[in-house]
Amino acid sequence: MADVVFPEAVICSSVAEKQEKIAIAGAGICGLVTALAVADRGYEITIFERDIPPPDGDADEAFFQWQRKGAAQFRHPHAFLGLMCNLLQENYPKLLDEFYEAGARRIDFVDMLGPHLRASYKPEPADEKLWLLSCRRATIETVLRRHVEKLPNVKILSRCTITGLLADEVDELIYVRGVRCRYKGSEAESDFEFESDLVIDASGRTSRFPYWLGQYGADIREEKYDAEIVYYTRHFALNAGQQEPPRDEKRGAGDLGYLKYGVFPGDNGHFAIIICLPLGEKQLRVAVRDGESFLKICEQIPGLERWIDPKRSHPTTQPFGIGDIQSQWRYFVNEGRPVACNFFAVGDVAVRTNPLYGRGCSTGILHAHILADVLAETSDPVTRALWFEQRTEEQLRPIFKTSLREDRSGIKRAAAVIEGRVLDQADSLKNWIRLAFRDAISAAAREDIRVIRGAMKTFNLLETPGKFLKDWNIRMIILRYLLKGRKKNAARRLVSGPGRIELHQALGLAADVSSR
């Protein structure tokens, strides 16, 4: 971004003197946490949501009965990482208690360690921030919505679709001043206009706002990258009296090259399993949609087999998939000028990463707090847009770039496995050193508590990706692993599971290595 000089006159220590009206598009997690972040700053907030509200019942009723057509990932697993959890704990402790009352569970750092490390674990002060919230999205969204709609300055309008923007052009800048809406009641429809001082787009990956802004002449540049995967989810519930399997060497998540898998513990005895496949795995992508074949795949993987043991659990849904897995970055400032004033895009609308990594909810709440701070610090529309873009770049870009690197690595590895090639064979000394260093880090992150602690800070988005590797103590540990040899370290990185051809044979599929 080009350097911008901000006039001191526009900077203020609090919200503008008049109570500003805010229109938020979308009452999903990102829209709700945005309302939560700005609600105590004196704004009058209206959230527009095209879907019906959640049912009045408990967490299971929300999961099985709530029709959330506007949220493609509603029933897919979500990870509520340390970044999000700590923001909730620090700013909204009452809300966090409400999550616990609904069945959400806290998983602390020590709970994530294997038994051999747990026995000798000595806590450090920073460990208290390394925790996850184990919960289904339907539960989180229901509790969050009920909490937000009780706030005195927030309204949520359900069955209300935004159909366009209200905006004016002043001095070659677009100033947004509201939205056009359509309310769909049980018996009739009505169109209306809603005037507001600010419009916040939290409508997710299918947002129409870039198109509407384009109608006013806005040029929104974007980067977009395909992860070239599809993943499939199936939900399960523990049988009466049964417990989750212990956390040990049989990991509940892993990468077999041609297939990624993961277990997502939920609330109230529920959990989900995902099977992630490259686009080129056409036969497996057909097979995994069948309930029996999904179970057969899980039975072949030691980290999953014990979760789906019929003595322990039973399926509560059939497998279902989600595609169009894209990483996307939109720029709302061009050459030092905002594409629109009084308009802000938060969450997936602006910054979208592969949902496989579970970062979306955490980056969404962080983005909401960035916006809340900017709105509190200045009332000037141009300065607000520029500061918001700048801070988004500073705080979210490293996470976005890390996700891209992981996507590209996954694409290369999957292609190699499908085509029967050896991917990790070094073709130069430089490449050998890079691969050896990677394997040493991976092995250390399985066995050394100090490296695990650093890696978990990265995983939980509590510090810049890879920052822990700058610590000289960590570097010396990794050096010792390097001296053990790459072959030994690589063996620790591998997860137990069937080879590609072996899995095809177990499912009765043709073991064609060229199916890509």
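Annotations
- Those helices (runs of 4 or more DSSP H) lying entirely in segment 229-308 with at least 1 residues basic (K, R) and under 24 Å from V417 (Cβ atoms): 282-287, 291-299
- For segment 240-290, a residue qualifies if it is more than 25 Å from R500 (Cα to Cα) and small (G, A, S), and the qualifying residues are A240, G241, G266, G269.
- Restricting segment 53-103 to residues that are of a type in the set (A, V, I, L, M, F, W, C) and not in a helix (DSSP H, G or I), the residue that is modelled with the lowest pLDDT is A72.
- Candidate set from segment 322-356 (those that are part of a helix (DSSP H, G or I) and touching a helix residue (DSSP H, G or I) at 6+ places or on another chain (Cβ under 6 Å)); member that is surrounded by the most Cβ atoms within 10 Å (Cβ to Cβ): G347
- Matching residues in segment 104-121 - criterion: being surrounded by fewer than 16 Cβ atoms within 10 Å (Cβ to Cβ), assigned to a helix (DSSP H, G or I), in contact (Cβ under 8 Å) with a residue 24 or more places away in the chain and not acidic (D, E): P115, L117
- From Y232, Y258, residue being among the aromatic types (F, W, Y), within 28 Å of R408 (Cβ to Cβ), at pLDDT below 95 and touching a Leu at 6+ places or on another chain (Cβ under 9 Å): Y258
- Selection status of R146, modelled with pLDDT of 95 or more and either of a type in the set (A, V, I, L, M) or part of a helix (DSSP H, G or I) (or both): yes
- Qualifying residue in segment 446-460 (condition: within 26 Å of K224 (Cα to Cα) and either assigned to a helix (DSSP H, G or I) or among the aromatic types (F, W, Y) (or both)): yes
- Of all residues in segment 357-368, those that are among the hydroxyl-bearing types (S, T, Y) and either buried (at least 24 other Cβ atoms within 10 Å of the Cβ) or modelled with pLDDT of 95 or more (or both) total 2.
- All positions within segment 177-216 that are in a loop (DSSP other than H, G, I, E, B) and exposed (fewer than 12 other Cβ atoms within 10 Å of the Cβ): G185, S186, E187, A188
- Members of segment 484-516 that are in a helix (DSSP H, G or I) and at pLDDT 90 or above: R500, I501, E502, L503, H504, Q505, A506
- From the list R251, R312, the lone residue that is at pLDDT below 95, of a type in the set (D, E, K, R) and over 19 Å from the mean Cα position of the chain (by Cα) is R251.
The values are calculated or read from the model by the stated rules, or taken from the named source; none is laboratory data. The model shown is predicted, which means the values in this text are computed figures rather than measured ones. Cβ coordinates were reconstructed from backbone atoms using ideal geometry, including for glycine residues, and neighbour counts include every protein chain displayed.
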